[in-house]
Amino acid sequence: MTQDPNNKKHSGVWILAEQTNGRIGRISHELLTRGRALADKLQTDLTAMVFGCDIPDDDLQDLIVCGADRIIAMEAPELTTFLVEPYAACAAKLIDEYRPEILLAGATSTGRTLMPYLAIKIHAGLTADCTELDIEPETNNLLQTRPAIGGNILATIKTPVHRPQMATVRPHSTRPAEPKDGRTGEIVRLEAPSELLSSRVKRVGFTPSSDEMNIQDAETVVCAGRGIKRGDNIAMISELADLLDGAVGASRDVVDRGWMSYPHQIGLSGKTVTPKLYIGVGVSGSIQHIAGMGTSDHIIAINNDPDAQIFHIAELGLIGDLFEIVPVITKKLKEATSKNG
Amino acid sequence: MKIVVPIKQVPETSAVKMDPETGTMVRDGVEAIVNPLDLYAIEVALEIRDERDDGSEVIALTMGPPAARKAIGEAISMGVDSGVLVSDRALAGADTWSTSYVLAAAIRKIGDYDLIVCGERATDGDTGQVGPGIAAFLDLPIATYISKIQCPADGPCLLDRLVEEGTEQLEMELPAAVTVVKAIASPRLPTLRGKQRSRKIDIPVWGAEELDVEKECLGLTGSPTRVVKIFRPQVARECEKMPAGDTEAIETAADRVIEFLTDAELI
Ligand SMILES: Cc1cc2nc3c(=O)[nH]c(=O)nc-3n(C[C@H](O)[C@H](O)[C@H](O)COP(=O)(O)OP(=O)(O)OC[C@H]3O[C@@H](n4cnc5c(N)ncnc54)[C@H](O)[C@@H]3O)c2cc1C
Ligand SMILES: Nc1ncnc2c1ncn2[C@@H]1O[C@H](COP(=O)(O)O)[C@@H](O)[C@H]1O
C-alpha cells in the first residue's frame, strides 16, 4: 500500500492531461478547472501529468496559462497513443516518485481504463464518473460525488487512508479552464524508461468516426423526446437546430426506438452536455436525462404536460402541442435571423 | 481455450422507485437480474467457443449473496458450460478494489484461463472498474469498449475498440481480459435444454476459505473507498411557464422565445 512507508507525505493535486496526435484536448482543461479549485482549497500545487511523444511546447505552456503550476510530460514513441500497460507503468513510476495526494482523470475511454488498472497496481481507492469534487474541511479528504442506482441518488465517497485519492470526472460536467495572463509554471520533460514500455496489446489501425456535429461540442442542443411520436419528425427538430447552429440530441426513449443513433443520446447512460442553450422538445425530464443536461446555461422546454419534470429545471417553459409550437418558432426564427443579416 | 465471464446480479434499475418523502430506495418487489450488459459478454464468449469448435469452454463467475446462484443458472441456460458462485459474509460491502481482488483470486483458482470477458459496466454500481481491476490483479493486458473480437487458433486476437474519435484496431496476446459493449453481439435467449441443465448442474460455492486471499483485503475492511453520504439530486430552477394552447397564445409564446434568445445573445 502506498501509505507512507518512507514517511514521505503525499501532497499536491494532479490531473492526467490527455493528448491525441500530440494535441491536448478539452477534457484536460476541464480537469484544470477541477484541479485548480481543489489545489487552492488545499493551498497546494496543481500538476498535470501527460504521456505522449513530441508534444508541442505550446500545448504544455497552455496548460500552465490555464491553471497548472507544473507539467510532467513523459515521452516515448510507444506512448503516442493510449496503451494501458505502458501508460500504467509510467504513471505508477511518477506517482511513486512524486507522491501526489489526489489524482484526477477524465471519465473517457482512456481514463476509465487506465485509472482502474493503475489503482490496483498502486493500491489506491478510485471513484468513477464524479460530477462534483470538494475537500472535507476537517480532514482535507477529497469528497467525490457521483450518481448511482440509475441516477436516482447521488453518493458522496471518500478514501480515508489510501493515497493518492483517485477519481475519474465526467466529461463536460464543468467548464474548461480559460487562459489567465501572467501565469507561470515549470515544464518537466522526461524520457520514459524503456523497461516500462512493453505492451501485450498493439494498436494496428484506426478508423475515425464520420459522425456529424458532436453534441458535446455544440453551443446549442435541441433535444427530441418521445413526444415527437415518429422518427420522421426528427426533421422538424433538425431544422430548428440548424437555424440555431446547433446539434440534435435525443432522450433514451428516442434512441431505443431507433429514431436517432446512440451518439446523440443525452443523459446518464448517454453523453453529458453543457451547451449555452438546451431546448427540450417532448422530453419529460426524467432524472436520468437531467443528469446529462441539467448544467446547461439556458434551458427551454416544450411539453403539453404542465406537470412535466423538465419544467423544474427550465427557465422558459411552453405548455402546449409541440407540433403546433415548433413550426411557429421556426418561422419566427427565420424572420428574426434574416433581419439580422 | 478457457473463457471466464464474470457476471453480476443487479436490481432491475428501471424498476427502482424512490420514496419521495424519505429519499430512500423502495426495494420491495424489485427483481434481481443478470446485469443486462453482461449478457453481451456471455454471448460473445459463447460465439468464440462455438466458432472455434475445439473443446473450448465458457465459465460464468459471480460474486454475490447465495441468491446470485440464479444468475449463474441463467448463464448456463444460455449455453455456458459451467459456473462458480463466490459467496461469503466477509465479502459484504466490497468496493471495486476488493471485488476485483476476490474475482481475480477466483479466476486463479479456476486456472488455465485464456480470456476474461466482462461487461462494460454494471447497471447498479455503474463504474466499469471491475474488468480493468481483475486484469491488473492477474497481470493481464486489458482492452476496454470492445465492439468486435476475433480469436484465431494461432496468433493474437483482433479487436475493435470504440473510443471518442472513432474505432481502434488492436492486436492482443492471450491470456488477456476485455470489456465489451452492446455492439459486439445480440444475446441469445435461454433454451429449454439449457434451463433443464441449469437446474441439474452442480454450481460450486466458494467462500473466502476456498480462495487464496488475505482477510484484510475483503469486504468493507479491504475497500479503500467509503460512502459517506447518499442524497437525492436537487433539480430546481424558477420556470417562466407560458401556456401555448391556441393560435394566439402560441404566437405570444414564440415571440417570447425569440426575445429570450435575443436577450441571452443566443441569436
Ligand atoms: C439506468 C437508467 C439509465 C437511463 N439513462 C438515460 C439517458 O442517458 N438518457 C435519457 O434520456 N434517459 C435515460 N433513461 C430513461 C429515462 O428514465 C426516461 O425513460 C427517458 O428519459 C424518457 O424519455 P422522454 O422524455 O423522451 O420520454 P417520456 O418520458 O415518454 O416523455 C415524453 C414527453 O413528451 C410529452 N409530449 C407528448 N406528446 C407531446 C406533444 N404533442 N407536444 C408536446 N409534448 C408532448 C409528454 O408530456 C412527455 O412529458 C435511463 C433510465 C435508466 C433506468
Ligand atoms: N460481483 C461481481 N461478480 C462478478 N462479476 C462482476 C461483479 N461486479 C462486477 N463484475 C464484472 O465487472 C463488470 C463491470 O462492473 P462494475 O465495475 O461494477 O461496473 C461487470 O459487467 C461484470 O462483468
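The values are calculated or read from the model by the stated rules, or taken from the named source; none is laboratory data. Remember, it's a predicted structure, so these values are computed and weren't measured experimentally. All Cβ positions, even for glycine, are placed from backbone atoms using ideal geometry, and neighbour counts span all protein chains on display.
When residue A:262 is tested against the conditions (1) touching a Gly at 6+ places or on another chain (Cβ under 8 Å); (2) without any contact (Cβ under 8 Å) to a residue 12 or more places away in the chain; (3) more than 13 Å from chain B (Cβ to nearest Cβ), the lone failure is (3). Answer yes or no: is there a residue in region A:175-183 that is over 22 Å from the mean Cα position of the chain (by Cα), outside any helix (DSSP H, G or I) and at positive phi. The answer is yes; a qualifying residue exists. Tell me, yes or no, whether region B:210-223 has at least one residue that is among the aliphatic types (A, V, I, L, M), outside any helix (DSSP H, G or I) and more than 25 Å from residue A:141 (Cβ to Cβ). For region B:210-223, residues among the aliphatic types (A, V, I, L, M), outside any helix (DSSP H, G or I) and more than 25 Å from residue A:141 (Cβ to Cβ): present.
All conditions but one from (1) within 14 Å of chain A (Cβ to nearest Cβ); (2) in contact with a helix residue (DSSP H, G or I) (Cβ under 7 Å, 6 or more places away or on another chain); (3) surrounded by fewer than 21 Cβ atoms within 10 Å (Cβ to Cβ); (4) at pLDDT 95 or above apply to residue B:124; the one that does not is (4). Out of B:24, B:13, one residue alone is at pLDDT below 95, more than 16 Å from ligand 2 (Cβ to nearest atom) and among the hydroxyl-bearing types (Ser, Thr, Tyr). It is B:24. Does residue A:169 meet the test of being out of contact with any Lys or Arg (no Cβ under 9 Å at 6 or more places or on another chain) and either at pLDDT 95 or above or among the hydrophobic types (A, V, I, L, M, F, W, C) (or both)? The answer is no for residue A:169. Taking the listed residues B:193, B:108, the one that is in contact with a helix residue (DSSP H, G or I) (Cβ under 8 Å, 6 or more places away or on another chain), modelled with pLDDT of 95 or more, away from ligand 2 (no atom under 14 Å from the Cβ) and outside any strand (DSSP E or B) is B:108, with no other qualifying. Looking across region B:75-106, the residues that are in contact with a Pro (Cβ under 8 Å, 6 or more places away or on another chain), hydrophobic (A, V, I, L, M, F, W, C) and away from every other protein chain (no Cβ under 14 Å) come down to B:78, B:84, B:85.
Scanning region B:37-71 for residues that are within 16 Å of ligand 1 (Cβ to nearest atom) and either in a loop (DSSP other than H, G, I, E, B) or of a type in the set (D, E, K, R) (or both) gives a single hit, B:38. What are the residues in region A:305-326 that are modelled with pLDDT of 95 or more and touching a helix residue (DSSP H, G or I) at 6+ places or on another chain (Cβ under 7 Å), if any? Of everything in region A:305-326, those that are modelled with pLDDT of 95 or more and touching a helix residue (DSSP H, G or I) at 6+ places or on another chain (Cβ under 7 Å) turn out to be A:316, A:317, A:318, A:320, A:322, A:324, A:325, A:326. Against the test of being farther than 18 Å from residue A:239 by Cα, out of contact with any helix residue (DSSP H, G or I) (no Cβ under 7 Å at 6 or more places or on another chain) and at the interface with chain B (Cβ under 8 Å from one of its Cβ atoms), the options A:276, A:271, A:339 yield a single qualifying residue, A:276.
For region A:69-93, a tally of residues being in a helix (DSSP H, G or I) and either surrounded by fewer than 20 Cβ atoms within 10 Å (Cβ to Cβ) or within 14 Å of chain B (Cβ to nearest Cβ) (or both) returns 11.
Considering region A:302-314, and only residues there that are surrounded by fewer than 18 Cβ atoms within 10 Å (Cβ to Cβ) and in contact (Cβ under 8 Å) with a residue 12 or more places away in the chain, the residue that is farthest from the other protein chains (Cβ to nearest Cβ) turns out to be A:305.
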